[in-house]
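Please read the structure below before turning to the comments.
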Amino acid sequence: MFVDQPMGWRMAENIVVGAGLSGLVAAINLAREGRDVLVLERESRVGGSPLYHPSPEGTPVDPAALEAFIGIDISPALHHFEGRAVVSGEVIPTDSEAIRSWLIERGPRSTSLDSLLYGIAVDEGVKFEFGHSIWSNDDVAKLPPDSIIATGLYFEGFDATRVPYLTSFHFVSRQTIADESSSHVTIYHDRFTSDYAYTTSLNGILFAHVFQRRPIGKQTLKAFEEAVFIAEGYEYKAWEHFTFPVPAASIRNPRLFAGDKILAGTLAGYMESYMFFGMLGALVSGKIAAMAVSDKARACEEFRLATRSFAGAYLVKKATNLVPLPLLLPQLKVALRHVFDYPLVTKTVAEAMPGWHNCQRALQGA
Ligand SMILES: Cc1cc2nc3c(=O)[nH]c(=O)nc-3n(C[C@H](O)[C@H](O)[C@H](O)COP(=O)(O)OP(=O)(O)OC[C@H]3O[C@@H](n4cnc5c(N)ncnc54)[C@H](O)[C@@H]3O)c2cc1C
């Protein structure tokens, strides 16, 4: 609670809560406007919860267009990867370049995007106070107007700002591998999850993650372990379980403000609501949140553009939920075998990421 904390936050002109992707981009942009910025972060360092990260995560990004919008070059943290899908046991190669996808390390290590952004923020003069959480609506109310709340996929932030959410259920497993050059993403669609599962490798980390929007049983985990062993030969044994909130509770979830505070990242609904890709949206949202401090009208327009694909992805997911998995999986197989022959379809997938259009427009100088 603020009353028990050092009062450093009162001295700053601008407060950002959460040192994740959106919070760091917001802080860098505010500092570049000559503002005095303080970031309050619950952990003792950047990189989020040790339950979630380190983890290699994938997302479509157009690096030049993103830089044109957020003013930050994140290309040192972007990595090419070999992509595959495994649908009911059938291995199908995917073309990551066609959907302009990259792998990014998240977490506290020096090779992560979080560390890259943190280094830039420190160079720009942003101050940090670690070990400082917001827990309740009262805490949020005590923050100065126009403070930016960027607390990501954590229940406290959603509850404190009264943003509705769905709970998603996760198991992750990670191990280190000697081959630092290994860089892959394998996505699994199978009867064991109504969402999906994947494995990734990057910078010597081997990572496996299965989730869905309802509880996951031990049999699910066993089936995923077996599927991975058959397709990749890797054995995963030590699993961590967690749940987190996702902003997919309602078609009207995206929101830029909570009272007189500004929201950023997944808390604000910058998350694609079919597959839950949220990194590009979070990066873009940091810029929009910083914009909202000084120019609310422009920020609202950019926010509308950034989140306009949310409703479409939300409805597609609702519709596919109506189809039983045994009927859906064969169709998915056919679609994945042929989708890369149709650039218009892969372009549409990339463009469904929150923030994609803002970046393209910035690149074109519009
Ligand atoms: C395991 C996992 C795998 C994922 N895989 C992908 C993927 O492959 N592709 C993709 O695009 N997206 C993926 N995502 C989603 C993506 O990570 C998020 O959408 C993105 O990080 C959101 O950015 P953010 O800025 O909103 O929050 P974050 O980057 O999560 O940052 C939030 C920060 O706020 C801090 N914080 C939290 N609560 C408080 C509090 N109460 N007070 C103060 N500080 C607080 C946290 O410690 C953290 O540092 C994944 C998420 C997880 C957890």
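The values are calculated or read from the model by the stated rules, or taken from the named source; none is laboratory data. Bear in mind that the values here come from a model prediction, so they are computed numbers and not experimental data. Reconstructed Cβ throughout: ideal geometry from the backbone, glycine too, with neighbour counts over all protein chains shown. For accessibility, only protein heavy atoms count, side chains too; no ligands or nucleic acids. Shrake-Rupley method; radii C 1.70, N 1.55, O 1.52, S 1.80 Å.
Data table
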item: Close pairs from region 90-119: first farther than 30 Å from Val345 by Cβ, partner within 14 Å of the ligand (Cβ to nearest atom) and in a strand (DSSP E or B), Cβ under 7 Å, at least 6 apart; result: Gly107/Ser55; Thr111/Glu105; Ser112/Glu105; Ser112/Arg106; Asp114/Arg106
item: In region 119-134, residue modelled with the lowest pLDDT [restricted to those that are touching a helix residue (DSSP H, G or I) at 6+ places or on another chain (Cβ under 9 Å) and near the ligand (Cβ under 10 Å from one of its atoms)]; result: Ile134
item: Residue that is farther than 30 Å from Ala26 by Cα and part of a helix (DSSP H, G or I), where the choices are Ala231, Ala178; result: Ala231
item: When residues of region 105-118 are limited to those that are assigned to a helix (DSSP H, G or I) and away from the ligand (no atom under 11 Å from the Cβ), the one least open to solvent (accessible area, probe 1.4 Å); result: Ser115
item: Hits in region 313-359 (condition: open to solvent by 40 Å² or more (accessible area, probe 1.4 Å) and within 30 Å of Lys287 (Cα to Cα)); result: Leu315, Val316, Pro343, Leu344, Val345, Lys347, Thr348, Val349, Glu351, His357
item: Test: Met279 is within 13 Å of the ligand (Cβ to nearest atom), open to solvent by 30 Å² or more (accessible area, probe 1.4 Å) and aliphatic (A, V, I, L, M); result: no
item: Condition check for Pro76: free of Cβ contacts under 8 Å to residues at least 12 places away in the same chain and more than 15 Å from the ligand (Cβ to nearest atom); result: no
item: Residue check for Pro56: away from the ligand (no atom under 12 Å from the Cβ) and either buried (at least 20 other Cβ atoms within 10 Å of the Cβ) or part of a helix (DSSP H, G or I) (or both); result: no
item: For Ser101: the one exception among (1) on the phi > 0 side of the Ramachandran plot; (2) within 13 Å of the ligand (Cβ to nearest atom); result: (1)
item: Any hit, region 40-51, residues being modelled with pLDDT of 95 or more, crowded, with 19+ Cβ neighbours inside 10 Å and outside any loop (DSSP other than H, G, I, E, B); result: yes
item: Contacts under 6 angstrom Cβ, first residue in region 225-245 being under 9 Å from Ser173 (Cβ atoms), partner surrounded by 18 or more Cβ atoms within 10 Å (Cβ to Cβ) and hydrophobic (A, V, I, L, M, F, W, C), 6 or more apart; result: Tyr236/Ala208; Trp239/Phe171; Glu240/Val172
item: Candidate set: region 188-204, residues that are outside any strand (DSSP E or B) and touching a helix residue (DSSP H, G or I) at 6+ places or on another chain (Cβ under 8 Å); chosen: the one surrounded by the fewest Cβ atoms within 10 Å (Cβ to Cβ); result: Arg191
item: Answer residue from region 68-91, given it is touching a Lys or Arg at 6+ places or on another chain (Cβ under 7 Å) and open to solvent by less than 10 Å² (accessible area, probe 1.4 Å) and is nearest to Arg337 (Cα to Cα) among those; result: Val87
item: Counted residues, region 132-156 - those being under 15 Å from Tyr270 (Cα atoms) and either outside any loop (DSSP other than H, G, I, E, B) or open to solvent by 10 Å² or more (accessible area, probe 1.4 Å) (or both); result: 6
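Let's see how each residue does on (1) of a type outside the set (Lys, Arg); (2) away from the ligand (no atom under 13 Å from the Cβ); (3) surrounded by 15 or more Cβ atoms within 10 Å (Cβ to Cβ):
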residue	(1), (2), (3)
Phe211	yes, no, yes
Gly217	yes, yes, no
Leu221	yes, yes, yes
Tyr234	yes, yes, yes
Gly259	yes, yes, no
Leu305	yes, yes, yes
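This table checks each residue for (1) in contact with a Gly (Cβ under 6 Å, 6 or more places away or on another chain); (2) touching a residue at least 12 places away in the same chain (Cβ under 8 Å).
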position: Phe171; (1), (2): no, yes
position: Gln175; (1), (2): no, yes
position: Glu180; (1), (2): yes, yes
position: Ala197; (1), (2): no, yes
position: Lys218; (1), (2): no, no
position: Leu221; (1), (2): no, yes
